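Since the structure comes first, as structure tokens, the remarks are kept for the end.
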Amino acid sequence: MIKRRVFLESMRWSIEASQQLRAISAGWGWLKSRAKMFLIRFKSHPESTDYLIWRQQFFLKRLRLGLRLGTFWSLIGAITGIYYALVDIEELRANFLKFFGDASIADALRDAVIIYNLVVLALLVLCLIGWRTAWGKRHPALLFLVFTCSLNEFLGQVVTTFFHIPLTPDTLIFLAIAILIPVRWRLHLIAQALPIVYYAIVYPIIGLTTLGTTDTFKLYTANTIVEIAWVCSVSILAVYLYEQLKRSEFEAHRQLQVFLYSVSHDLQTPVVGTSIVLKSLLSQPVDGCNDEIRVKRSVIERLLQGSDRQLTLINSLIESHTTEVQGIVIYREPIQLKPLVDSVLIDLQHSLAKKRVQLTNHITSELPLVNADANQLWRVFSNLIGNALKHNPHGIELTLDATVLEPRQGGEGVKRWRGGRVRKIKPTHQCSNIPMLLCIVQDNGTGIAPEQCQRLFKLYTRGNRARYMPGLGLGLYLCQQIIVAHSGEIGVDSHLGKGSTFWFTLPLYPT
């Protein structure tokens, strides 16, 4: 009977323990999910190079101004402080004896004021000299920290500690520096944390919380703590919001530059195609008495298609100007892929012939319709084929192909197509329950290094003239934006000396 009771008690205890463990595990999982959501919400996006360059230049200019102002006013303060510490020493002794019960504090304060002001002036002068050097321009953050710590009482705290005189952080300097240099909020946070940590941790550890033999001077009061917390939070938040505003402005400006470049780039192809057709017509021989030129209907249709494409791009430019660049906007419709690719090849006919390209086009009219924007899809093919012509030598083999990718093939990928060359293409599209059309643009040119393929479709901005990855244009970034807007994927398989295979997927038109 006793054994049975012990057994039942142990079973009850184990069940309760397992229930508690499950409850703790569920609570921990809930906290982890909430923490992840919170971190994702406040996760900073990568900063463009244009913005980083501007911020560095702005930071250097404001730091120079701050160093000059700080040196000037520190010199004024040093002269005033040393004068009163030397001339009015007897009055200081009497006051310290009256209020703090120790006249020797005046002598300690005099020595601390002289040493502190001389050290501050020396550091500020060194920072001014260092700012003019190449090392200083490479490491402005160190100059900023030395500059701020010289003025926000951190250096004063360290110096006066040896004289047993405590100091509170100077919150006015926090606000002044945040207004003067409103970038690099993390540096502001470090500069403010140093005197606060010294004030809140070092002083209690060494027992330096009062001045003299009485408690008249209390270092930790509610008003002092609230003031430090309020000023620090306001100044850091102001710098952070200013940085976010400037970064948003730069990102909007960069997107506008991307769009203007893309429109100007895409307008070149139909314009060049139209110009070639007109030149060929003018080169035809004519009778002396008759200045007429006979034009085939197909030629006129080709010219009209090019003109319509130009008007579409111009209208998109106007639309972007009125809507302040809202990204890639697509208008889906059922599209037959072959006529669209044929129009791209016709516009690029001159470049294909000039580069002596051996073109193999396996895209037929038997392919199912895709649900896409014809103008945007034309830009993708034009950019991919144009890149193959631009970045490869003469006489390359260029293969165009397309095949239906069934939902079950999403994880397996496609390893072979009618071109005969083996490649591993493995789209990871999240919508695996819908069929996609896999489009391929393949060449046997110089190829691309594998480490470069990983960042091939990203936008790299390094200035107005040399903003992109060497040898690759902005077109690949635009292609990615267009394909993603279609809920598709885009990728590349390439190795140096073995050519490149660009692929992308498009959703089929539902039937």
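The values are calculated or read from the model by the stated rules, or taken from the named source; none is laboratory data. Quick caveat: nothing in here was measured; it's all calculated off a predicted structure. Counting neighbours? That spans all protein chains shown, and the Cβs are built from the backbone with ideal geometry, glycine included.
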Q. Within the bounds of the range 117-133, is there any residue that is touching a residue at least 40 places away in the same chain (Cβ under 8 Å) and within 22 Å of E90 (Cβ to Cβ)?
A. yes
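Hey, among the residues in the range 130-167 that are β-branched (V, I, T) and within 22 Å of R186 (Cα to Cα), which one's surrounded by the most Cβ atoms within 10 Å (Cβ to Cβ)?
Restricting to residues being β-branched (V, I, T) and within 22 Å of R186 (Cα to Cα), the top hit is T148.
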Q | Residue list for the range 184-208, restricted to those being surrounded by fewer than 19 Cβ atoms within 10 Å (Cβ to Cβ) and under 14 Å from F147 (Cβ atoms) | A | I190
Q.
Out of the residues in the range 475-511 meeting the condition of being farther than 18 Å from K458 by Cα and small (G, A, S), tell me which one is surrounded by the most Cβ atoms within 10 Å (Cβ to Cβ).
A. G499
**Q.** helices (runs of 4 or more DSSP H) lying entirely in the range 108-208 (those with 1 or more residues that are under 16 Å from S235 (Cβ atoms))
**A.** 140-151, 154-161, 171-180, 185-197
**Q.** Which numbered condition K246 fails, given (1) farther than 17 Å from P166 by Cα; (2) modelled with pLDDT of 90 or more; (3) not hydrophobic (A, V, I, L, M, F, W, C)
**A.** (2)
Q: State whether the residues of the range 79-95 include one that is among the hydrophobic types (A, V, I, L, M, F, W, C), part of a helix (DSSP H, G or I) and within 19 Å of T161 (Cα to Cα).
A: yes
Q) What residue, of K354, K338, is without any contact (Cβ under 8 Å) to a residue 24 or more places away in the chain, assigned by TED's automatic domain parsing to the domain that holds P435 and not hydrophobic (A, V, I, L, M, F, W, C)? A) K354
Q: Could you list, in sequence order, all residues of the range 333-389 that are of a type in the set (S, T, N, Q) and part of a loop (DSSP other than H, G, I, E, B)?
A: Q336, T364, S365
